Amino acid sequence: LPANSLELEGAEQEGIRFEYMLSPEEILGDKGRIRSVRFRVMKSGGIDVTGRPRPIATDRTVEIPCDDVFVAVGETVDSAFLAKEGLPVHKDGRLKTSGFSGILKGTVWAIGDAVSGPATAAEAMGMGKQTARAVDRELMARDVFSSLFADFTYRNEIPEEPGKGKMNRSRCVPPDQRRGNFQEISLGYNGEQALQEASRCLRCDVRNNARSPWR
């Protein structure tokens, strides 16, 4: 999952050094201790299906000395125990549900990354609402959600003259106090900033033209 610019900037402030276009090949060590990692130097190739330049290996390697290595090469769903029970799974281990209801089999539902694969928090919450509705309908034998959450419509427009307002940035813990712990670094807004942000337009889905500064 690519980091955004704020995350990269924050990491650099904390002393993290980034090395680009390197692919790990071998962890080297002596007497049971890690000494370094050998990397293959890569170069940019053509654009792949994700829209990013495809890395191509060169004939060069480099070694970077280190004491410890944190392996972060992705995750997969461990669904073998579910497959043994006859529940449907995809080849990549994700659970195979029926449409938006989240039904895995019978009265077994599944939601989250184990179904969709890597997704955003908004998508996870949306899936949770859809599946909660399906579960409630199954248990109550009627659609209670329709009475709780009535349909509504809104106009897809913004004011002709939107009011300008700078986005507030929350204060952060100084870099020298972030090292050596996993505490939250954002200190949030003060009262005045919170009121200002609450009054800002959050209709990011609306824009009046492609070059609009308000989109």
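The values are calculated or read from the model by the stated rules, or taken from the named source; none is laboratory data. The shown structure was predicted, so the numbers you read here are calculated from the model rather than taken from an experiment. Cβ atoms come from the backbone with ideal geometry, glycine included; neighbour counts cover every protein chain shown.
Tabulated data
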item	result
Failed criterion for residue 138 (all others in (1) at pLDDT below 80; (2) under 30 Å from residue 109 (Cβ atoms); (3) not hydroxyl-bearing (Ser, Thr, Tyr) hold)	(1)
Odd one out for residue 111, checked against (1) within 30 Å of residue 21 (Cα to Cα); (2) β-branched (Val, Ile, Thr); (3) free of Cβ contacts under 8 Å to residues at least 24 places away in the same chain	(1)
Verdict on residue 2 being part of a strand (DSSP E or B) and out of contact with any helix residue (DSSP H, G or I) (no Cβ under 8 Å at 6 or more places or on another chain)	no
Total residues in the stretch 41-66, condition out of contact with any strand residue (DSSP E or B) (no Cβ under 7 Å at 6 or more places or on another chain) and either on the phi > 0 side of the Ramachandran plot or acidic (Asp, Glu) (or both)	2
Selected residue (only one of 7, 63, 12 is over 22 Å from residue 180 (Cα atoms) and of a type in the set (Asp, Glu))	63
Condition check for residue 137: touching a Phe, Trp or Tyr at 6+ places or on another chain (Cβ under 8 Å) and free of Cβ contacts under 8 Å to residues at least 40 places away in the same chain	yes
Residue within the stretch 83-100 that is in contact with a strand residue (DSSP E or B) (Cβ under 6 Å, 6 or more places away or on another chain), surrounded by fewer than 13 Cβ atoms within 10 Å (Cβ to Cβ) and modelled with pLDDT under 95 present	yes
Long-range neighbours under 7 Å by Cβ, at least six apart or interchain, first residue under 24 Å from residue 129 (Cα atoms) within the stretch 143-163, second at pLDDT 70 or above and not small (Gly, Ala, Ser)	143/137; 144/136; 145/133; 145/136
Pairs with Cβ under 9 Å, 6+ apart, first in the stretch 70-94 and under 30 Å from residue 26 (Cβ atoms), second of a type in the set (Asp, Glu)	75/113; 76/92; 77/92; 77/113; 93/78
Residues of the stretch 101-119 that turn out to be part of a loop (DSSP other than H, G, I, E, B), modelled with pLDDT under 85 and either under 24 Å from the mean Cα position of the chain (by Cα) or surrounded by 16 or more Cβ atoms within 10 Å (Cβ to Cβ) (or both), as a count	4
